[in-house]
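Asker: The structure follows.
FYI, it's all coordinate maths here, none of it is from the lab. Owing to the predicted nature of the structure, the values given are computational and were not obtained by experimental measurement. A quick note on method: Cβ atoms are made from the backbone with ideal geometry, for glycine too, and the neighbour counts reach across all protein chains shown.
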Amino acid sequence: MKTKQFYLDHNSTSPLSKKVKHFLKGGEVDFFNPNSLHPLGQSSHAVVYEVTQFLHDYFRIPSDEFFLIYHSGVTEGLNLLAHHFAEDKLGEMKCFISDHPCAYEQAQRFKSSQFELISTNSDFEFESCKFSENPTLLNWTVVNNLSGHVFDYQTLKKFKNRFIQDNNSVFVHIDAAQLIGKTELKKEVFDLLNIASFISFSGHKFGALKGVGFSFIHNTWKKKMNPFLYGGEQNYKIRASTMNTLGIYSLKLALEEQREKADMLVKVEELRNEMKNLLEQDKQWILPFSNFKTESVNTLSFCHHSLASDRLLPAFYAHGLYVSPGSACTSGAAKPNFYLEELGHKHLAKNLIRVSLGAENLENKAEILGAFTQVLENIRKM
Ligand SMILES: Cc1ncc(COP(=O)(O)O)c(C=O)c1O
């Protein structure tokens, strides 16, 4: 009998939303170049405009304070900013040890004195972090892809009060790649987004097409930013190249669907917690992030006390549970996890497994829990 397959890696990428699939199936993909002057081109231009307004409304980011550019995703959004800060010698960059590599791998763009990787512990106190007089780009990952930690509004506000009020030159970039579908969009989240100067999203993380994302940028940067890509007037001349209108439209469809299924987050959390209980009762597992303050509803990372992820993964795959050894973006064999090492779990850094759930897993809740129980038992015998 063929093993049933369960996709448990939603933090790497999420399945296309039903609305996007339905739209593509309908064949209404007759989008034209929004920069063409003829009426067909103008109809595409109108679609881009409609989506832009929608995104401002959805994230409650006022369009008279922020403008929006489209790109391929958070990696590009952050590269654009780091490029601007480093190559135009505008200032410094700081990011956290827990951030995605698209943040900390920017280090080579900066002189060593101009880039700081901030250490964090489970209390997320940053007493040792100091800002200089130079303009600083601070990366703030709102939902961590591995720990599920939610970098909340109160913490950023505290941070801001300490550093930003007397020093106007700290500019926050919010990495919102994992925000949608992983945590409830409370008022606090919108307040958080409005503290930033830059906020970036990747469409494929919430059910839109791959290769499309966007950043809100505060208006004060409109004239200041040098292009990342040259060769056209698109995106306020900051990022040339013909716009991906189909991808852009899919952002709206996917976000509408996310809004409709927001009440399923509670059920996703229940499933995550049931899996967590199984691990907590089983001495072979360590949950290195379990004491973190706030967690996204869908993420569960755990380490085997002695076996490396490479050995563990086949046991999960054999039961159709498609989990990940951590960040998929490094791909290939599991590497020691840098963040775990920093948290003092060096001996566990190669033993990490991450489950990241999505609403569509709920249809198979009992089967997933059954397979998970079986896998844990099989690993105990290894
Ligand atoms: C927190 C976070 N930031 C940024 C990225 C990069 O996103 P993308 O590959 O869509 O550019 C990811 C991808 O996993 C992520 O989880």
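Asker: Within a Cβ distance under 14 Å of residue 377, other residues only, what is the Lys/Arg minus Asp/Glu net charge?
Answerer: It works out to a net charge of +2.
Asker: Given only helices, namely DSSP H runs of n ≥ 4 each adding -39500 (n - 2.57), what is the per-residue ellipticity at 222 nm of the chain, to the nearest 500 deg cm²/dmol?
Answerer: Values: 11 runs with 125 residues, N = 382.
For the chain, the value works out to -10000 deg cm²/dmol.
Asker: Another question about this same structure. Work out the charge dipole of region 159-249 with +1 on the Cβ of Lys and Arg and -1 on the Cβ of Asp and Glu about the Cα centre, then indicate which of 206, 161, 234 is farthest towards its positive end.
Answerer: 234
Asker: A further question follows. Report, as a whole number in µm² per second, the diffusion coefficient that Stokes-Einstein gives for region 27-90 at 25 °C and 0.890 mPa s using the Kirkwood radius over alpha carbon pairs.
Answerer: D = 174 µm²/s.
Asker: Using only the alpha-carbon atoms of region 141-284, report the extent along each of the three principal axes, biggest first, to the nearest angstrom.
Answerer: Result for region 141-284: principal-axis Cα extents of 57, 44, 30 Å.
Asker: Which angle from 0 to 90°, rounded to the nearest 10, does the C-alpha axis of helix 39-58 make with the longest principal axis of the chain?
Answerer: Once rounded, one gets 60 degrees.
Asker: What is the calculated FRET efficiency for residue 284 to residue 187, with r their C-beta to C-beta distance and R₀ = 41 Å, to the nearest 0.05?
Answerer: So the FRET efficiency works out to roughly 0.50.
Asker: By the scheme Lys and Arg +1, Asp and Glu -1, what is the net charge of all other residues having a beta-carbon under 11 Å from that of residue 177?
Answerer: 0
Asker: Continuing with this model, one more query. Quick one: pull the percentage of alpha-carbon pairs in the chain with a separation above 36 Å.
Answerer: 25
Asker: Using Cα pairs under 8 angstrom and six or more residues apart, how large is the relative contact order of the chain, in percent?
Answerer: Once divided by the residue count of the chain, the mean separation gives 23 percent.
Asker: What's the local net charge at residue 16, with K and R +1, D and E -1, over the other residues with C-beta under 15 Å away?
Answerer: +4
Asker: Same structure, new question: Would you mind pulling out the separation of the Cα centroids of region 135-153 and region 21-86, in Å?
Answerer: Each part reduced to its Cα centre gives a spacing of 24 Å.
Asker: Would you mind computing, in nm to one decimal, how far apart the modelled labels at residue 35 and residue 53 are, each placed 7 Å from Cα along Cα→Cβ?
Answerer: The modelled label-to-label distance comes out at 2.4 nm.
Asker: Please check the chain for the longest run free of GluC sites (Glu not before Pro) that are loop-located per DSSP (anything but H, G, I, E, B) and have at most 16 other Cβ atoms within 10 Å.
Answerer: Between exposed loop sites, the widest span is 234-382.
Asker: Now for a different question. Any idea what angle helix 365-380 forms with the longest principal axis of the chain, computed on alpha-carbon atoms, 0 to 90 degrees, nearest 10?
Answerer: Relative to the chain, helix 365-380 is tipped by roughly 60 degrees.
Asker: Still on this structure: Where in region 20-126 are there trypsin sites (Lys or Arg not before Pro) that are in a DSSP coil and have at most 13 other Cβ atoms within 10 angstrom of their Cβ?
Answerer: 60, 89, 111
Asker: Grab the Cα-Cα distance for residue 222 and residue 382, subtract it from 0.36 nm times how many residues apart they are, and report the gain in nm with one decimal.
Answerer: Residue separation times 0.36 nm, minus the Cα-Cα distance, leaves 51.8 nm.
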